[in-house]
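Reviewing the structure listed below.
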């Protein structure tokens, strides 16, 4: 095409090029503005919560305002009323413990479903997912009774088990998708070299799908951290994680907005920082295989 | 390798069990709600523990509805997770009847059970035996802005009527200056809008059920009361009234956006505190308004401490609940936090105190309202249930909330009052049929 271009066409082409560039820039700008707006809308409630945590109770219910004299009183009060660190430690133990346990069960399951499927594999996968469709309150009483008889009520072990079971379907599904994307030939090559199934999983499958496993793990940690139904219903004081801590500052009678906000900020702070630190890993994992 | 993998899990399991068994033998776990009075009780833990070195207190503080669900699960399954439960006057008789609560028939003379307000005591008894000790009690009353009343040349009656309230609301309603003529609960829920609407229906001469448990929700009295409520709030209420509960109205009133508000007496202390309320110096009190009958025109609610029969620390728990509801406790709070912060509505002796009457000018209204609210005789025509603003049967939580949602949709104009009450009637009939109350 370029060889047939005459000199006359050159300025026109440049103009066309400029216009295309301009429209591309405009489009990029539009996308950036849209992206920022959506991000700000999503972040606004969190921002407002953080801000409210530094207001007095009276300011928290007054006409919304960005200008006020910040106070640390709420943080002092919530810390004095309930020890934050016990709750935070419980959250760390159950979130990471349940994720480890879930991965330990899910990696072999996803391996067998991805590489050694039977005619029932699809059905099994769907059935696993269907357990997520049941409202948790539907199984509260049976689980409560089982936990009572096994002495698991208000224990970290009990909560870890429930979180593991809660996240297992999602973890298996995600890992299954990641494993499916791996060419089977690589595993076959390993098998030809005499690798056992365990070696195949540990030395081939896991290193090759590490971004996927990492992002699955991160998602499971976040889901466990934020879970509130089971943590409120199966714990009292010894094993209560952060959602129970937040719930203790919520009230339909009395004004506790500022304290509730301070407690919530403290509860989400660790996972927010964790999320920021692992953001790259997570995005890489979630888009893993997407461009193939 | 597998052993290595399992190690963290074993450690986790060990951690869990250690945490569970670390508790001392006489630790009592107290489930309670988050409000000012309970926060004060929690802050006095060290005083109790010093006086009773063999007992340690462990607190579980939760939002009211979460706590109710949490404790119901535990007590119904005999889970034994709590030694002391904070329950309302709705649960107390129902749970007592099922044998879920320890009867408190061995109160020592020094506890002075006769000093407890009679209506409150009745509300927490089953077959004349107390099954929970009242920590604080509330009724409902009217709050109003003295300055606005004066400007408009209105004088508050000794016993206002709803007709008067409507005409005053019309005069005081000033949306341009962001002052609503009247604020009332609109948020659906058996403990939210229905607590108020039930008292309104009572005073308009209606009732929830007739003596044979047939619902009467689409009766003439209900129609009148609910139409009055819907019109009043739509004409002179704040914007978005259907999402306002106690907290929202408290916030509105304390920042000066309501001329009148009818709600819980427990708001008085907060509205009277200049640090929390802009209108503290202009705050007026009056009894809850009435219409056709004074019966049931204001509610009765108490938060009480009870011991589930599944507790294995019954004696220690009894020691604690006796302490937390004693005359000495009231004095202790008065000394430490001031008289306006003592738990109201439980003991005659609190109201006999001159200091209390001096420092809390609303005290007289509160105690009168509580004394007059009779949960056994709350409607003009006789009814088969216990409760002023609720019906003391297990089905009421769901009935009340369902009817509350229908009334809220009438308030927002999605359906007419008549339609809302007709569907509420049908839904309640179905629930009552299924539960075997009616055929």
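Key figures
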| quantity | calculated |
| --- | --- |
| Spatial separation of Cα centroids for segment B:400-425 and segment B:25-72, in angstrom | 38 Å |
| Descending principal axes extents, segment A:83-286, alpha-carbon based, whole Å | 68, 39, 25 |
| Segment B:157-290 - Kirkwood radius from inverse mean 1/r over Cα pairs (Å) | 15.4 Å |
| Centroid-to-centroid separation of segment B:160-215 and segment A:231-284 [C-alpha atoms, Å] | 37 Å |
| Cα centroid separation - segment B:259-309 against segment B:315-337, whole Å | 23 Å |
| Semi-axis lengths (Å, descending) of the ellipsoid that matches the C-alpha gyration tensor of chain B | 38, 27, 22 |
| Using alpha-carbon coordinates, inclination of helix B:220-236 to the longest axis of chain B, degrees | 80 degrees |
| Per-residue Cβ neighbour rank within 10 angstrom, fewest leading, B:126, B:52 | B:52, B:126 |
| Which of A:185, B:58 has the fewest Cβ neighbours within 10 Å, and the rest in rising order | A:185, B:58 |
| Cα convex hull of segment A:95-152 - mean projected area over all directions, nm² | 5.4 nm² |
| Relative contact order (percent, whole number), segment A:83-286, Cα cutoff 8 Å, 6+ residue spacing | 33 percent |
| Kirkwood Rh (inverse of mean 1/r, distinct Cα pairs), segment B:103-222, angstrom | 18.3 Å |
| Tilt relative to chain B, helix B:64-76 - C-alpha long axis, 0 to 90 degrees, to 10 | 50 degrees |
| Per-selection Kirkwood Rh - the protein assembly as shown (Cα, Å, 1 d.p.) | 29.2 Å |
| Rounded to 10°, Cα long-axis angle of helix B:396-411 versus longest principal axis of chain B | 30 degrees |
| Segment B:181-316, relative contact order [Cα under 8 Å, separation at least 6], % | 32 percent |
| Candidates A:248, A:215, A:65, ranked by Gaussian network fluctuation over chain A, Cα under 10 Å, top entry | A:65 |
| Average projected area [Cα convex hull, segment B:313-439], square nanometres | 12.6 nm² |
| Most mobile of B:184, B:124, B:148 in a GNM of chain B (Cα contacts under 10 Å) | B:148 |
| Relative contact order (%) - chain B, alpha-carbon pairs under 8 angstrom, separation at least six | 24 percent |
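No value in this document is a laboratory result; all are computed from the given coordinates. Everything quoted here is computed from the prediction, not taken from an experiment. Positions of Cβ are generated from backbone atoms using ideal geometry, with glycine treated the same way; all protein chains shown enter the neighbour counts.
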